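Here's the structure we're looking at; comments come further down.
The values are calculated or read from the model by the stated rules, or taken from the named source; none is laboratory data. Everything numeric in this text was worked out from a predicted model, so none of it was measured. All Cβ positions, even for glycine, are placed from backbone atoms using ideal geometry, and neighbour counts span all protein chains on display.
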Amino acid sequence: MRNFIQKSTTKIMLLVILILGIEINAETTRNSVKMLEASEDIKLISQQISKEYFYLFQNRGKQDILVSSLYQTVFALDEKVRLIATITKSEDTRNLLNYLILSSERISETIAQPYDMENAALMLDYSEILFEGAESIALEYSYVFSEEEKMLISVKNMAYLIERITKYYMAFQAGLTDLNNIRQLKSAVVVFDEELSKVNQYHYPPANKKDLQIINQYWPIAKKLYLSLEKRKLPNILYISSNHLENVIAKLKLFHTKNQ
């Protein structure tokens, strides 16, 4: 009888440990997903902020509207940083967050100051600090992705790459003609092509297939204009085009998010 009770107790304890282990692993995975989503959002926002800032310089007649939009984007950035701070237990991530918070504060200060080339260069630097920090966090919380998750990541990459390409185009037109900025733009164009190639292999339903067709129709035209930044000055056209492309990409992102 005693042996039976001991065996039963052991089985129950093992079962409890197994259940707790499953719950802990599930919670860890959920937190990893949240961290990845937040870091991907920061990558996108970091590029949006500087793109909007350089566009503001070239459209000072719309200053009130654009400045208000910039501060809203900074607020969205701060929300994502706070989300990561509430989840992470990693000392490395917490150290990175200090840089992200500092960069966000400096961005707000720069927006409030008159536009000049020094502030423009600082804005570009701050956006890169945010971008690199978010990439590092994403790598730390990466795991083995399903095929559907890989596709979602490719679509998200396309969104931030459009912002990144437009950022460097706007920066060039605003006077930051450093060769490294041109190289960064061209590199982002190459990576966008690679991600689009992956997405083109996916079998979408009719509605989303139409969205993909729109991207394939507009991107080659936009690409030529981006790469002619040293010959043509078309900031308004490419700003509108980038927003249009990103809106269409967002529909694919929504599809893949629901399809997880």
Only one of (1) surrounded by 18 or more Cβ atoms within 10 Å (Cβ to Cβ); (2) at pLDDT 95 or above; (3) farther than 19 Å from LEU44 by Cα does not apply to PHE192, and that is (3)
Some residue of the stretch 160-168 being over 30 Å from SER90 (Cα atoms) and outside any helix (DSSP H, G or I): no
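Test SER142 against the criterion of being surrounded by fewer than 16 Cβ atoms within 10 Å (Cβ to Cβ) and not in a loop (DSSP other than H, G, I, E, B), and give yes or no. Quick ask: steps written out before the conclusion?
Values: surrounded by fewer than 16 Cβ atoms within 10 Å (Cβ to Cβ): yes; not in a loop (DSSP other than H, G, I, E, B): no.
Considered against the rule, which asks whether it is surrounded by fewer than 16 Cβ atoms within 10 Å (Cβ to Cβ) and not in a loop (DSSP other than H, G, I, E, B), SER142 comes out as no.
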Considering each of TYR239, TYR202, TYR168, TYR226 in turn, give the residue that is outside the structural domain of GLN47 (by TED's automatic domain parsing), among the aromatic types (Phe, Trp, Tyr), surrounded by fewer than 20 Cβ atoms within 10 Å (Cβ to Cβ) and under 22 Å from PHE57 (Cβ atoms). TYR239
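From TYR126, TYR115, grab the single residue that is more than 19 Å from the chain's Cα centre (by Cα) and either within 17 Å of ILE45 (Cα to Cα) or surrounded by 14 or more Cβ atoms within 10 Å (Cβ to Cβ) (or both). Write out each step before concluding.
On the way: TYR126 fails: more than 19 Å from the chain's Cα centre (by Cα).
Matching residue, one of TYR126, TYR115: TYR115.
Matching residues to (1) at pLDDT 95 or above; (2) in contact with a Gly (Cβ under 8 Å, 6 or more places away or on another chain); (3) more than 18 Å from LYS156 (Cβ to Cβ); (4) of a type in the set (Lys, Arg):
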residue	(1), (2), (3), (4)
ALA174	no, no, yes, no
ASN180	no, no, yes, no
LYS186	yes, no, yes, yes
VAL199	yes, no, no, no
LYS210	yes, no, yes, yes
GLN217	yes, no, yes, no
Here is a check on your reading of the model: is ALA134 in contact with a Leu (Cβ under 8 Å, 6 or more places away or on another chain) and not aromatic (Phe, Trp, Tyr)? yes
